[in-house]
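Here, each number is a calculation from the coordinates, and none is a lab measurement. Everything numeric in this text was worked out from a predicted model, so none of it was measured. No Cβ is skipped: glycine too gets one built from the backbone with ideal geometry, and neighbour counts run over all protein chains shown.
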Amino acid sequence: MEKEKLRSEIEEQYKWDLEKLYKSDIEYEKDFPKLQKYVEKVESFKEQIMKSSTNLYEFYQAMENLSRLTFKMFMYVHLKADSDTSNSGYQNQKQYLEKINEEINQKLSFTTPEILETPYEKVKQFIKEDQRLEEYRFDLEQMYRYQNHTLSKKEEDIITKASNAFGTGSEVFYYFDNADIDLGQIKDEQGNLVTLTNSNYTKYMKSKKRSVRKDAFDHMYTYFSKFKNTIAAALAGNIKENFFHSDVRKFKSPMEESLYADNIDQTVYDNLIEVVHENLPIMYEYMKLRKKALQLDELHMWDVYVGMLEVKDKVIPFEEGKKLVFEALKPLGEEYIKSLHKPFEERWIDVYPNKGKKSGAYSWGCYDSYPYLLLNYNDTIDSVSAMAHELGHSMHSYYSNLNQSYINSSYPIFLAEIASTVNEVLLNDYLYKNAQTKEEKILYLTEFLDTVKGTIYRQTMFAEFEKIMHDKYQNNEPLTEENFSTTYFELNKLYYGNDVISDDFIRYEWARIPHFYTSFYVYKYATGLSSALAIASEILKGSKQAKEAYLELLKSGGSDYPLKLLKKAGVDMMTKEPIEKALAMTKEKLEELKELL
């Protein structure tokens, strides 16, 4: 086994250049007095913000200075800490800065309530008086949307103090699923006893040896079934909290409150579930094909993740992987490809793993830095895919920061996964079309279909489960373990079809899904992939209009509500068409796979 390299042993060209943020720790430290001055400047506006249009503009300028500096400082210590998690100095700096930020937020909590005390008509008059405020129009509009859902100062103070008592259900689940979890031991493919964990569960569910998959499945759900009533109480508590918050904030339901943040109509949520229901035969056909390809008499829930054939892993060095990404993304046009050189030439990317480096991959930056990428490239096709994915995020941020003011540059979560997924779809399409063997073609088609299965079908099933359970509570039905388990079991049977045996243990899968504690969130994964597939399918057809509209979406940042920005890009999520397009593309891929098999 190759020894993990130290940070100092990695070549500079493969490490991110943080000098865009600060040239040294000494320079970083010098910004603390400036941070304090910015805080004092914002504090000086207390009870003065809405006295005049000039005051409002100058307040925004002061807030922007503070926000940009805080974020810049955060970026520096976080990226340093992630480069080497064993460096206690940067870990301590990170915690210190987080504590300072908490204190700043407490000091400045007066700002939004003070603005909202003024009628919106007066704000519009201010914008007319001072054209400089035009830049902040959308931010003010978003703020005032919550005017009817904001309580009096006294009531808000009570809610803030009570918030410490909320989140118990989520916290119970967190410790249960992380600190206290004990899934026991199973035998791996070589017959060795290994400890099963949340982290390696997926690995064993993809094992070529069926007994390993079944053991992993049984151990996972034996554990959760033992504590089903405890977890049901935690999730029920979370749902009750949702209704408390939506009720005091004067929303009709928790779903309305959740969708309100992005100005999303419930039609989007309902359309997703309806269209996926209409296209369940695609999933059924895929499961039937999987059963045949694996040569199984019965297809169980522990058989739905394993690859359908053995393909030897290719070794793809970073420079080769980089070339693959550039070739795959050519359909996005010359402007995009030209910009794509920047992450590599300007060292936005931290490429290789090193001792103490944070695992996984991400894209993260601030308005005054590069949109940095953390990778742990290991010469596999999966690491090429991760690079394409994170480059999608970084290019979205790059175009947004380049074309939008600071206040309008940050795009919402609803849009966040589209750029990354478009890149993944284009890479998958390129690899499939340029595959040298039939086996490789089958591999790339299967990867595409498994992504749709996991992100559109499965996340929609989760979204429907959330909706049903909240509706049950609203209709005064008890949120018992039996109610959770039966509802989930019936949905699982509906979504996977008759060619998959919905093993009894799968009724407890709801008990291990952390996303259920951030309610009405998972649907964004499904709408994000649907939007990305709808966009990518038009780009791959060579549509110049689709390509230009997509680049315009990346440049728009958070300058408008996500549904409006998507519509300009040719994706109208208020209709069923984008989801139908995505699933039509899926059906085409399925037919190609059937022919190859």
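Numbers at a glance
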quantity	calculated
Spin-label model distance (nm) - residue 277 vs residue 552, 7 Å beyond Cα toward Cβ	3.5 nm
Inter-part distance where the stretch 527-575 and the stretch 478-520 are each reduced to a Cα centre, Å	33 Å
Residue-span extension gain [residue 501 to residue 92] - 0.36 nm each, minus C-alpha spacing	142.2 nm
In the stretch 43-105, trypsin sites (Lys or Arg not before Pro) in a DSSP loop with at most 14 other beta-carbon atoms within 10 Å	46
Alpha-carbon gyration tensor eigenvalues x 5, square-rooted, for the chain, Å	40, 31, 26
Fraction of alpha-carbon pairs over 15 Å apart in the stretch 535-597 - percent	59 percent
Net lengthening on full extension, residue 330/residue 312 (0.36 nm per residue, minus Cα-Cα)	3.7 nm
Estimated FRET transfer efficiency when R0 is 45 angstrom, pair residue 44-residue 515 (beta carbons, to 0.05)	0.60
Within the stretch 281-367, trypsin sites (Lys or Arg not before Pro) in DSSP loop having at most 15 other beta-carbon neighbours inside 10 Å	312, 314, 355
Cα long-axis angle, helix 53-83 against the chain (0 to 90 degrees, to the nearest 10)	40 degrees
Using alpha-carbon coordinates, inclination of helix 266-278 to the longest axis of the chain, degrees	10 degrees
Helix 153-162 vs. the chain, principal-axis angle (Cα, 0 to 90°, nearest 10)	40 degrees
Local net charge near residue 165, Cβ-Cβ under 15 Å (Lys/Arg +1, Asp/Glu -1)	-1
Net charge of neighbours whose Cβ lies under 11 Å from the Cβ of residue 346, counting Lys and Arg as +1 and Asp and Glu as -1	0
Coil-residue chymotrypsin sites (Phe, Trp or Tyr not before Pro) of the stretch 501-597, DSSP, other Cβ within 10 Å capped at 15	none
Exposure proxy ranking, count of Cβ atoms within 10 Å, fewest first, for 397, 530	397, 530
Net dipole in debye of the chain [+1 Lys, Arg Cβ; -1 Asp, Glu Cβ; about Cα centre; nearest 20]	380 debye
Sites residue 106 and residue 413, calculated FRET efficiency, Cβ-Cβ separation with R0 22 Å, nearest 0.05	0.30
Largest to smallest principal axis extent of the C-alpha atoms in the stretch 7-165, angstrom	61, 43, 26
